[in-house]
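Structure first, commentary second.
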Amino acid sequence: MNSVYKKIRKNYLWIIAFIALLVFFFILKKYFSNDLENFDNMIYNFLIKYQSPALTNIFKFISHLCGPITVVSMLLLLVIFGKNKEYDRYTVIITAGAFVLNYIVKIICRRPRPLDINLINETGFSLPSSHAMVSVAFYGFLMYYVYKLDMNKKKKIIIETLLGILIILIGISRVYLGVHYASDVLAGMCLSICYYILFIKLIYNKRKIKNNSSL
């Protein structure tokens with residue numbers, strides 16, 4: 001039992017990546033067989049019970065935190081003013097990769113966005129959600145950077161928890177605002193989690209972040 005536990009602990013990220021990939025392909029299978037309506041309606045109908053002008057403004061702001069203009073602006077600031085050039089470079093790479101991967105999968109799926117329920121205007125295809133994918137790649141990589149920093153453990157936990165909550169809220173905001181189905185967001189997060197782990201394991205871990213550097 002101990003040996004099995006050690007193997008699971010050692011390879012837990014690969015296990016998470018595998019499960020995320022399975023969920024992603026399961027959603028694709030359901031989409032191509034037109035079997036996502038009940039799930040999507042259930043999640044959306046639950047969220048709109050809490051719809052209000054104040055909450056709408058909050059979710060609009062949260063959604064903007066992962067919009068293309070916002071993310072590109074933050075990447076530019078990171079490249080110009082960031083002190084850890086290695087981290088800055090890989091942040092740009094992983095985020096750009098998420099955008100490209102999302103575009104490719106959207107072209108394959110060609111799922112139209114929800115109709116007549118949009119609280120904001122969006123164009124393009126719906127599956128998978130680019131906000132969900134990019135938030136996992138961009139903010140998730142920031143979580144990884146914080147994890148590697150030599151700083152107080154409690155501060156790490158607080159920052160990582162807040163970033164994790166932000167990623168989840170970005171996904172929820174897209175469904176609440178009516179520009180994505182819940183399955184779009186879930187598929188985007190699962191695909192990006194798999195991509196993120198592959199990136200960390202196969203590319204970024206070949207180099208070490210300097211712990212004494214800061215953003």
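Nothing in this text is a laboratory measurement; each read-out follows from the coordinates by a stated rule. All values derive from a computational prediction rather than experimental measurement. Cβ coordinates were reconstructed from backbone atoms using ideal geometry, including for glycine residues, and neighbour counts include every protein chain displayed.
Over 31 Å apart at the Cα level, from the set Lys85/Lys153; Lys106/Lys155; Lys30/Lys154, are Lys106/Lys155; Lys30/Lys154. Rounded, prolate or oblate: which one fits the range 19-130, using the alpha carbon gyration tensor with axes a ≥ b ≥ c (rounded when a/c is under 1.5, else prolate when a/b beats b/c, else oblate)? Oblate shape, in that a/c is at least 1.5 and b/c is the bigger or equal ratio. Charging the Cβ of each Asp and Glu at -1 and of each Lys and Arg at +1, and nothing else, the dipole of the chain about its Cα centre rounds to 1160 debye. Summary value for the chain: 33 percent relative contact order, contacts being C-alpha pairs under 8 angstrom separated by 6+ residues. Among Gly124, Gly178, Gly188, the residue with the largest mean-square fluctuation in a Gaussian network model of the chain, with springs joining Cα atoms closer than 10 Å, is Gly124.
For the chain, adding -39500 (n - 2.57) for each run of n ≥ 4 DSSP H residues and dividing by the number of residues yields -24500 deg cm²/dmol at 222 nm.
Would you be so kind as to identify all helices of the chain, as entire DSSP H runs, whose Cα atoms reach 18 Å or more along the helix's own axis and whose mean Kyte-Doolittle hydropathy is at least -0.5?
12-32, 68-81, 85-109, 130-148, 153-176, 182-202
Computed from the coordinates I sent, P(r) over Cα pairs in 10 Å bins from 0, in percent equals one of (1) 8, 31, 35, 20, 6, 0; (2) 8, 29, 27, 15, 7, 5, 4, 3, 1, 1, 0; (3) 9, 34, 34, 15, 7, 2, 0. Tell me the label. Computed from these coordinates, P(r) over Cα pairs in 10 Å bins from 0, in percent corresponds to label (1). In the elastic network of the chain, a GNM with C-alpha springs shorter than 10 Å, the most mobile of Ala182, Ala96, Ala54 is Ala54. GNM remark for the chain: springs join alpha carbons under 10 Å apart, and the peak mean-square fluctuation among Tyr195, Tyr103, Tyr12 falls on Tyr12. Here's the list of aspartates and glutamates a cross-link from Lys60 could span, going by alpha-carbon distance under 14 Å and ignoring same-chain residues fewer than 8 apart: Glu122. For Asn84, the residues whose modelled amide H falls within less than 5 Å of its own, excluding neighbours fewer than 5 places apart on the same chain, are Ser214. Extension gain for Phe18 to Gln51 (0.36 nm times residue separation, less C-alpha to C-alpha distance): 8.3 nm.
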